[in-house]
Amino acid sequence: MIETDILILGSGIGALSVAGELCKNHRKVTVITKGLKKACNSSLAQGGISVALSEGDSAQLHYEDTMAAGCELNDPEAVMRLVSTAPEVIREFIDTGMVFDTDEKGNLLFGREAAHHLNRIIHAGGDKTGLRVVEQLIRNLTTDVTVIQNEPALELRVKDGKCCGVITRAHDGKINVYKANYTILATGGIGQLYPATSNDETITGDGLAMAYRAGARLKNLEFIQFHPTMLTIDGKAYGLVSEACRGAGGVLVNRAGKKIMEGVHPLKDLAPRDVVAREVYAHCSKGEEIFLDITAVENFRKKFPTVTEICEQHGVNVDDGLIPVAPGCHFHMGGVEATSDGLTSVEGLFAVGEVACTGVHGANRLASNSLLEGIVFGKLLADYILTHPYKSVNFEDEPVTTQIKALPEKDEIKQKMMEFLGIVRHESKMSEIFKWFEQFMPDGRDFCKIDITKTTTEELERYNMLTAGYLIAKAAADRKESIGAHYIVK
Ligand code: SIN
């Protein structure tokens, strides 16, 4: 058994923010990641960080936009805590050496994305914000933080509602048992459950599935955000085309050049993401091609180097002014129920970032609020740990003998998720998807705990994808009315 005080699973912005704050206070932290440390959604994030720092902005206005985008299903207290703590946390982050884009006088530049009523989004390196933030947070870590890569977490160690660590598989195949006082899930969302996604390939819902098997309360799982604009060629998605492109003047058009958001919503191309994604999807479902017309965006290459690179890698010349797009799975608003300090319903288990559902996003996340949530709530979680000493009780892990059944391939799971639990859900088809899931339940009733020592990491990933998919289906079936990102046709 390996003993450690604070154990973090995952290596995105939430994880690094907690680790950075703790090591500043000389606490020992172990970060364990499934892949390489930069293989996370945060590194891929093109959009920036929304923060009320621009002239004329305020926490109250940021709050109002966040609540409106989330269809008021957000937790008002959590939202207010996020937006009002944000300016101070971002200023502190800048003091550690983080460089955001500025004008020639050194003033922060503020961009616009969907559903924000004013310019409030700061970027770094244009559309390279996520990567730059991850790199800075990594630079801020001290030798008190040990980062272990390529070691997937298999199961949380939980008994009687208390967590005392995790079981992992090291890169040489050895099973490692960790004992920790604080176990923090920062494993990201569920993007790889869908065929088209902006998410890293490691994001297969593992944290959600492990938390479920550990008995943690989950929340709002039906709310999955599809980003309206993934670069899409012949039906295959190749990466995100940031919403900031629309904020800078990009317009969605069909092959004939007709603007498709005219008359759909007063904010047109900058309507909330769920509205735009559904509109693009409706056109694509009729076999139409949709493009982002970027001819009005000045200095596109300079402002959007990542989008330019992705386009050029796939034979799309941004100078032609048209980028072929379609929606893809982007962000999970739901997750493991957690407070803004990261506490879950399981003692000793904490959650931060996309895996957590703190209620700040409601039914649809406001653009660029996710990196912000990772940074701000990561710091609050660290503050909580620093002020709440806790020793977990160690216990023997109970042997599990249940074996998995033959599982479907990942592509089949993704197709089913898109067909039944995608941008549009059909109430009449729900029973079909439940039957499909049920055939893979080891005991015929549930995606229960299984003998992890008898599964490969890849099998466990598929098992976790099925578990997360099934839980999303249950939540979607329970919510009878369309709201935000949950759109159900009767
Ligand atoms: C984007 O760049 O369009 C994504 C920003 C976000 O998800 O908040």
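The values are calculated or read from the model by the stated rules, or taken from the named source; none is laboratory data. Only a predicted model underlies this, so the values are computations on that prediction, with no experimental measurement involved. Neighbour counts run over all protein chains shown; Cβ positions are idealised from the backbone, glycine included. Ligands, DNA and RNA are excluded from the accessible area calculation, which covers all protein heavy atoms including side chains. Shrake-Rupley method; radii C 1.70, N 1.55, O 1.52, S 1.80 Å.
A cut-off of 5 Å between modelled amide H atoms, ignoring neighbours fewer than 5 places along the same chain, links residue 325 with 232, 290, 291, 292.
Work out the FRET efficiency for residue 259 and residue 149 from their Cβ-Cβ distance, taking R0 = 41 Å, and round it to the nearest 0.05. After rounding, the FRET efficiency stands at 0.35.
Each part reduced to its alpha carbon centroid, region 173-225 and region 330-372 end up 12 Å apart. Near the amide H of residue 218, within less than 5 Å, lie the amide hydrogens of 337, all on another chain or at least 5 residues away, with H placed in the peptide plane.
With every protein chain present, what is the per residue accessible area of the chain (1.4 Å probe, Å²)?
Details: 19160 Å² over 490 residues.
Per residue, the chain has an accessible area of 39 Å².
Once the Cβ-Cβ distance of residue 170 and residue 77 is raised to the sixth power relative to R0 = 30 Å, the FRET efficiency obtained is 0.15.
Across region 214-297, Cα pairs under 8 Å and at least six residues apart give a relative contact order of 34 percent.
Would you please give the FRET efficiency between residue 438 and residue 103, computed as 1/(1 + (r/R0)^6) with r the Cβ-Cβ distance and R0 = 56 Å, to the nearest 0.05?
For R0 = 56 Å, the calculated efficiency reads 0.45.
In terms of its Cα atoms, region 1-80 spans 51, 28, 27 Å along the principal axes, sorted from long to short. Under the rule a/c < 1.5 gives rounded, and otherwise a/b versus b/c splits prolate from oblate, where does the chain land using the Cα gyration tensor? Oblate, because a/c is 1.5 or more while a/b does not exceed b/c. With a/c under 1.5 counting as rounded, go ahead and sort region 340-383 into rounded, prolate or oblate using the C-alpha gyration tensor (a ≥ b ≥ c being the square roots of the eigenvalues; past the cut-off, prolate if a/b is larger than b/c, else oblate). Taking the square roots of the gyration eigenvalues as a ≥ b ≥ c, region 340-383 is oblate. Label zone (residue 406, point 7 Å along Cα-to-C-beta; backbone nitrogen cut-off 15 Å) within region 413-439: 439. Only Cα pairs under 8 Å and 6+ residues apart enter the sum, and on that basis the relative contact order of region 383-479 stands at 37 percent.
Computed extension length for residue 160-residue 298: 43.8 nm, one decimal, from 0.36 nm per residue of separation with the Cα-Cα distance subtracted.
So, with a 1.4 angstrom probe, what is the percent of accessible area on the chain that is carbon and sulfur?
50 percent
Remark: spin-label model distance residue 314-residue 396 equals 5.4 nm, labels positioned 7 Å along the Cα→Cβ axis.
Antiparallel beta bridges, as assigned by DSSP with both residues in the chain, represent about 60 percent of the total such bridges. In this structure the amide hydrogen of residue 261, modeled in the peptide plane, comes within under 5 Å of the amide hydrogens of 252, none closer than 5 places in sequence on its chain.
For the pair residue 201 and residue 388, the difference between a 0.36 nm per residue extended length and the Cα-Cα distance amounts to 63.8 nm.
Report the full-extension gain for the segment residue 490 to residue 415: residue separation times 0.36 nm, less the Cα-Cα distance, to one decimal in nm.
24.9 nm
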